[in-house]
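Colleague: Following this message is one structure expressed as structure tokens.
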Amino acid sequence: MNSIFKFTSCFILLFNFVLLQSSCLEEAYTCIWRNPERTMTKLFPKAKDYKTINIKITKEQLKTIESKVGELLPGQKEVYQYFELVDDKNKMLGYIVAATQKGDYGAIEFVIGLTVEKKINGIYIQRARERDTAFKKKEFLDRFIDKNLDDIIEMENDSKIKKTTGITAVITGAKKELVSLDILGKKEKNKDNK
Amino acid sequence: MKKHILSFLFIIAINIPVFAYQVDLETSALYKNVDINQNSAELERVGLSLKEIISDETGDRIYLFLRAEGENNFAHNLIDQLYAQYKGPMGRWNITIGRFTLPFGLLPNYDSEWLLVKTQEFKTIGIKFDSGVKLSGVIDDFGYAVSVSQGIGVDRWADADNDKLAVFRLDYQGEDFEDLRIGISASFGKVLTDVNSAYKKLIALDFSRNFDSFIGRGEVVYGKENDNNIFSAFLGIDYKIVSSVDLNFGFNHFQNNSNLSTITAGFTYNSPFFGLTIRIADKYRIEGGNNEFYLQIYKLFYSII
């Protein structure tokens, strides 16, 4: 009885703490990027250094982003994170974004490399537990190379592409990250990296 | 003195304008039943992590990290990790000073602390975190790490003797993150904890691999603890059966003066209710036939500021 009382008390304590954190009530779709440098050097072999950029998303920016890509997943509405990469002359090479989308069997995490012209130069799947693995195949991921936002929107509307959950997640995720970077990255040109 | 210096560095870092930081708070409640008769319930663990990144004009330069935990209804409170890491270009080399995770076996890439299927580090190397200096990095598909530390874990800050612990690790990871990762580690030196003091010479092989819905991890350790041979084996498999449910399986074997083998089977449910994770597992000890049942409720709060 004492153990059950302690367990129940602990649970109530935990539950009340959870209630205070309204932003944490849902499963958060954030990509906890493991081994970032390994993938960064594959996407940008000439990169010498990288910087983490975190941007707080204002309500107006969130509204603009969601008007273009639909509602963002929980955990993605408050802060936008990406990475800037430079070469040995400190010239900007491009950007890397770690994306997370919803799959049939949990989150699908992947990494997108973008040139300074905001064209995709590569996508690497970090983690996915989907049964259907078509979205992990090189022939599908290579379709994104040299594509910009307009091309991704075309892919989204292309009825010839068989839209499995995984394929839809990668296309949707790429579109979302390109839109977000376009809207949020512009605002950061003159700001501190915070 | 060391924790004061690193804490001071943290306070300075908060006031440096070019930074980004991340806060994680984790907590779990645990109910345990042993052989039907013995019950216990507690606030198993509360963990707070703070990470700061200090950048210069071209890139991330210094990572500051703090992890503090209260365990067993806050009966045991400690600082697991407190370190400053200076990052070389593109992760090719990094220097870490402070208290950090030892680069041995599965530890650098897999943490079972909050899970019910546990890895074997407390039986093999004896400690998970230690204070010292570490050189680590990634070059192409290979990763490496070398650390020299006090060998006293997290129970104290001041070293009790002049014996140190050296750990080496080399690993290989296939092209994609889910590909096979294999590692080889070695540790030499004295490990001193509140319950044990031993000279250890250990070698470990570890692997992890994703097979779509399956994740498999394994570790084999062989070596000497004082004059005794020790052998350890661990195999863990997770299988996602539906979107929110994973089946978890673990086999643990440890051989020193006696044998200890356990099989753990259970599941993890990521519930839609307030983001709580519920884990249930049964651990059966092969020698002796003891049975332990666990029910854990876990919650992660995560934010970047």
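The values are calculated or read from the model by the stated rules, or taken from the named source; none is laboratory data. Everything numeric in this text was worked out from a predicted model, so none of it was measured. Because the Cβ atoms are built from the backbone with ideal geometry, glycine has one as well, and the counts that use them run over all protein chains shown. Quick note on the areas: whole protein, heavy atoms, side chains included, nothing else; ligands and nucleic acids left out. Shrake-Rupley method; radii C 1.70, N 1.55, O 1.52, S 1.80 Å.
Colleague: Output the residue which, of all residues in segment B:259-287 that are touching a residue at least 12 places away in the same chain (Cβ under 8 Å) and in a loop (DSSP other than H, G, I, E, B), is nearest to residue B:27 (Cα to Cα).
Modeller: At the first step, the residues of segment B:259-287 found to be touching a residue at least 12 places away in the same chain (Cβ under 8 Å) are B:259-272, B:274-287.
With in a loop (DSSP other than H, G, I, E, B) added as a condition, the list becomes B:271-272, B:274-276, B:286-287.
Values: B:271: 15, B:272: 17, B:274: 13, B:275: 12, B:276: 10, B:286: 31, B:287: 32 Å.
Per the stated criteria, the residue is B:276.
Colleague: Consider residue B:63 against the criteria (1) within 14 Å of chain A (Cβ to nearest Cβ); (2) part of a loop (DSSP other than H, G, I, E, B); (3) open to solvent by 20 Å² or more (accessible area, probe 1.4 Å): it satisfies all of them except one. Which criterion is unmet?
Modeller: The single condition residue B:63 does not satisfy is (2).
Colleague: So, one more: For residues in segment B:252-302 being open to solvent by 30 Å² or more (accessible area, probe 1.4 Å) and polar (S, T, N, Q), which is nearest to the other protein chains (Cβ to nearest Cβ)?
Modeller: Among those that are open to solvent by 30 Å² or more (accessible area, probe 1.4 Å) and polar (S, T, N, Q), it is B:270.
Colleague: Shifting gears a bit: Scan segment B:88-123 for residues that are more than 11 Å from chain A (Cβ to nearest Cβ), farther than 30 Å from residue B:284 by Cα and of a type in the set (D, E, K, R) and jot them down.
Modeller: Taking segment B:88-123 and keeping what is more than 11 Å from chain A (Cβ to nearest Cβ), we get B:95-107, B:111-123.
Now drop any that are not farther than 30 Å from residue B:284 by Cα, which leaves B:95-100.
Residue satisfying the conditions is B:99 alone.
Colleague: Just to be sure, is residue A:109 under 17 Å from residue A:83 (Cα atoms), surrounded by 17 or more Cβ atoms within 10 Å (Cβ to Cβ) and modelled with pLDDT under 95? Explain how you work it out, then say what you get.
Modeller: Details: under 17 Å from residue A:83 (Cα atoms): yes; surrounded by 17 or more Cβ atoms within 10 Å (Cβ to Cβ): yes; modelled with pLDDT under 95: yes.
Yes; evaluated as a whole, the condition is true for this residue.
Colleague: Can you tell which of A:2, A:54, A:16, A:35 is over 23 Å from the mean Cα position of the chain (by Cα), at the interface with chain B (Cβ under 10 Å from one of its Cβ atoms) and modelled with pLDDT under 90?
Modeller: On the way: A:54 fails: over 23 Å from the mean Cα position of the chain (by Cα); A:16 fails: at the interface with chain B (Cβ under 10 Å from one of its Cβ atoms); A:35 fails: over 23 Å from the mean Cα position of the chain (by Cα).
On inspection, the qualifying residue turns out to be A:2.
Colleague: Failed condition for residue B:82, given (1) at pLDDT 95 or above; (2) within 14 Å of chain A (Cβ to nearest Cβ), with all others met?
Modeller: Single failed check for residue B:82: (2).
Colleague: For residue A:154, only one of the following conditions fails: (1) assigned to a loop (DSSP other than H, G, I, E, B); (2) open to solvent by 50 Å² or more (accessible area, probe 1.4 Å). What is its number?
Modeller: (1)
Colleague: Can you find even one residue in segment A:87-94 that is in a strand (DSSP E or B), touching an Asp or Glu at 6+ places or on another chain (Cβ under 9 Å), open to solvent by 20 Å² or more (accessible area, probe 1.4 Å) and modelled with pLDDT of 90 or more?
Modeller: Let us first name the residues in segment A:87-94 that are in a strand (DSSP E or B), namely A:92-94.
From what is left, the residues that are touching an Asp or Glu at 6+ places or on another chain (Cβ under 9 Å) are A:92-94.
Checking which are open to solvent by 20 Å² or more (accessible area, probe 1.4 Å) leaves us with A:92-93.
Within this subset, residues satisfying the condition of being modelled with pLDDT of 90 or more are A:92-93.
Yes, there is a match, as at least one residue in segment A:87-94 is in a strand (DSSP E or B), touching an Asp or Glu at 6+ places or on another chain (Cβ under 9 Å), open to solvent by 20 Å² or more (accessible area, probe 1.4 Å) and modelled with pLDDT of 90 or more.
Colleague: Quick one: in segment B:137-165, which of the residues that are open to solvent by 20 Å² or more (accessible area, probe 1.4 Å) and modelled with pLDDT of 95 or more is nearest to residue A:46 (Cα to Cα)?
Modeller: From segment B:137-165, those open to solvent by 20 Å² or more (accessible area, probe 1.4 Å) are B:138-142, B:144, B:146, B:148, B:154-164; that's our starting set.
Now restrict to residues that are modelled with pLDDT of 95 or more: B:144, B:146, B:148.
Values: B:144: 21, B:146: 27, B:148: 32 Å.
My answer is B:144.
Colleague: Scan (1) outside any loop (DSSP other than H, G, I, E, B); (2) open to solvent by less than 60 Å² (accessible area, probe 1.4 Å); (3) under 30 Å from residue A:48 (Cα atoms); (4) away from chain B (no Cβ under 13 Å) for the single condition residue A:168 breaks and write down its number.
Modeller: Unmet condition: (3).
Colleague: Further question on the same structure: Whether any residue in segment B:224-231 is within 14 Å of chain A (Cβ to nearest Cβ) and buried (at least 17 other Cβ atoms within 10 Å of the Cβ) is what I want to check. Let's see the steps before the verdict.
Modeller: Residues of segment B:224-231 within 14 Å of chain A (Cβ to nearest Cβ): none.
No; the residues of segment B:224-231 include none that is within 14 Å of chain A (Cβ to nearest Cβ) and buried (at least 17 other Cβ atoms within 10 Å of the Cβ).
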